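Read the structure below first, then the notes.
The values are calculated or read from the model by the stated rules, or taken from the named source; none is laboratory data. On a predicted model such as this, the values are computed, not experimentally measured, just so you know. No Cβ is skipped: glycine too gets one built from the backbone with ideal geometry, and neighbour counts run over all protein chains shown.
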Amino acid sequence: MKLSDIIVTDAIVPDLKAGTRDEAIDELVASLAESGGIAKAKVDTVIEAIKAREAQATTGIGKGVSLPHAKLKGIKKPIATIGRSGSGIDFASLDSKPVYSVILLLSSPDSPDEHLQAMEAIFKHVQRDIFRKFLRQSETKEAIIDLIHEADELG
């Protein structure tokens, strides 16, 4: 599975306005709804599920990255979006540092394999210093989309 298979490019937010973890989640879910990635009627349910997951354990994995995610009925295939914060957001990360790149993933509880494949595709790239660096520096939706395609080509 490639990043471009799961990222809803129209929902990418290159300049998150959010100052908190919850605001970032709200903003990215709203962007997914605006882009048609999820039904607007599902926004509150999706936000609730992601925040419930976040309450179990932080998805701030360190090195400036957070991967909030949830499994929800009605999601046909894994979908994700990316938000970039210029100032950083406190996500209670494992390394206690601010998060600059938020990759929000939604998948179906009926397809655990697809969820794992999507998480693997994301982890593979965010573990690379160069990917994280370029993602943090990408100030436009187009730059982030280009980075996703380059990352997919590199494998």
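Brief remarks on what is shown
- Selection of first residues in region 49-68 that are farther than 12 Å from Arg21 by Cβ and touching a residue at least 12 places away in the same chain (Cβ under 8 Å) and of second residues that are part of a strand (DSSP E or B) and of a type in the set (S, T, N, Q), restricted to Cβ pairs under 7 Å at least 6 apart or on distinct chains, gives the following pairs, ordered by first then second residue: Gly64/Ser101; Val65/Ser101.
- The residue list Ile75, Ile82, Ile144 contains one member that is among the β-branched types (Val, Ile, Thr) and part of a helix (DSSP H, G or I), which is Ile144.
- Under the condition of being touching a Ser or Thr at 6+ places or on another chain (Cβ under 6 Å) and in a strand (DSSP E or B), the residues counted in region 31-72 number 5.
- When region 83-98 is limited to residues that are aliphatic (A, V, I, L, M) and closer than 24 Å to Thr45 by Cα, the one that is nearest to the chain's Cα centre (by Cα) turns out to be Ile89.
- Here Glu114 does not qualify as surrounded by fewer than 16 Cβ atoms within 10 Å (Cβ to Cβ) and either more than 13 Å from Pro14 (Cβ to Cβ) or touching a residue at least 24 places away in the same chain (Cβ under 8 Å) (or both).
- Any chance Ile82 is surrounded by 21 or more Cβ atoms within 10 Å (Cβ to Cβ), in contact (Cβ under 8 Å) with a residue 40 or more places away in the chain and β-branched (Val, Ile, Thr): yes
- Residue selected from region 50-68 under the condition modelled with pLDDT of 95 or more and surrounded by 19 or more Cβ atoms within 10 Å (Cβ to Cβ), by the criterion farthest from Ser93 (Cα to Cα): Ile50
- Criterion: modelled with pLDDT of 95 or more and either assigned to a loop (DSSP other than H, G, I, E, B) or of a type in the set (S, T, N, Q) (or both) - qualifying residue of Leu94, Leu16, Leu28: Leu16
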